[in-house]
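None of the figures in this text is laboratory data; all of them are computed from the coordinates on show. Since the structure is predicted, the reported quantities are computational estimates derived from the model, not experimental observations. No Cβ is skipped: glycine too gets one built from the backbone with ideal geometry, and neighbour counts run over all protein chains shown.
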Amino acid sequence: IQKVLRPGMVLLKRYISLCEQINIVKTCQTLGVGPGGFYRPGYKDGAKLRLHVMCLGLNWDPQKRKYDKRHPIDDCEPPNIPCEFCLLVRRAIQDAHCLIKQNYIGNVEDVLPSMSPDICIINFYTTNGRLGLHQDRDESRESLHKGLPVVSFSIGNSAEFLYGNQRDEDKAEKVVLDSGDVLIFGGESRMVFHGVPSVIPNTAPRALLAETRLRPGRLNLTFRQL
Ligand code: MD3
Ligand code: FE
């Protein structure tokens, strides 16, 4: 089931095969140990985010709201984004274009521009992890102006996902993101408010847990061009 939820916003349900999901988790586990790996960033007021973060390609510091060459804690340069991740991102945007074409006369690039990612932000939510409604607008002015999309992969436990035109959770639309889902936000949907109010316990594919020993929770990879 693939859906255009609004112009520039496409949900590709169960797009990533179980085998690919397992490979992605194993790659993240290999890259996530040692220096520069997962940590819990803080906000300016000292509170910690309710999720664990690791970056590939470049670094993202939520505290300073800045992209950087190095990790804020240990000053390490993050690993490159693996080729297979970028290929999957490219394929997902192409398939989203095919879907948009079915209902749109004109250039799909205007609705959903293509992009090649500079950074992959990996978020890990334990079962009580969450992320409040926010906008992503720390990328370059050109990137935001063009509406270059954010592409997100959900793996592991399902989660509720909210999005809308305002910060108000009561006015937001809700979808459930399951393991293997790809969500694309570009064009006029690039600046929507979005967040993850809750992770749904015991919803990860059993084979994924058995093959990777991923601990209970949800892994989310977002790809952006800065
Ligand atoms: C819509 N991550 O990393 S992914 C984030 O599930 C973030 O970890 C959430 O919000 C997560 O900033 C949501 C889907 C997503 C990501 C980025 C977007 C939706 C977006 C940027 C603009 C609009
Ligand atoms: Fe975001």
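All of (1) in contact with a helix residue (DSSP H, G or I) (Cβ under 7 Å, 6 or more places away or on another chain); (2) more than 16 Å from ligand 2 (Cβ to nearest atom); (3) of a type in the set (A, V, I, L, M) hold for V182 with one exception: (2).
Yes/no per residue for (1) out of contact with any Asp or Glu (no Cβ under 6 Å at 6 or more places or on another chain); (2) away from ligand 1 (no atom under 16 Å from the Cβ):
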residue: I16; (1), (2): yes, no
residue: I22; (1), (2): no, yes
residue: T30; (1), (2): yes, yes
residue: F38; (1), (2): yes, no
residue: H52; (1), (2): yes, no
residue: E77; (1), (2): yes, yes
residue: Q102; (1), (2): yes, yes
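Of all residues in the stretch 186-220, those being touching a Leu at 6+ places or on another chain (Cβ under 9 Å) and within 14 Å of ligand 2 (Cβ to nearest atom) number 10. S143 falls short of the stated requirement of being farther than 21 Å from R90 by Cα and either more than 13 Å from ligand 2 (Cβ to nearest atom) or buried (at least 21 other Cβ atoms within 10 Å of the Cβ) (or both). As for the stretch 149-167, it holds no residue that is out of contact with any strand residue (DSSP E or B) (no Cβ under 8 Å at 6 or more places or on another chain) and of a type outside the set (S, T, N, Q). Among the residues of the stretch 144-180, those that are within 22 Å of Q225 (Cβ to Cβ) and away from ligand 1 (no atom under 11 Å from the Cβ) comprise H145, K146. Every residue in the stretch 115-125 that is part of a strand (DSSP E or B) and touching a helix residue (DSSP H, G or I) at 6+ places or on another chain (Cβ under 9 Å), please. Answer for the stretch 115-125, where residues must be part of a strand (DSSP E or B) and touching a helix residue (DSSP H, G or I) at 6+ places or on another chain (Cβ under 9 Å): C120, I122, F124. Residue pairs whose Cβ atoms lie under 8 Å apart, sitting 6 or more positions apart in sequence or on different chains, and linking a residue in the stretch 209-226 that is over 14 Å from F124 (Cα atoms) and within 16 Å of ligand 1 (Cβ to nearest atom) to a partner that is hydroxyl-bearing (S, T, Y) and assigned to a helix (DSSP H, G or I), are R224/S143; Q225/S143; L226/S143.
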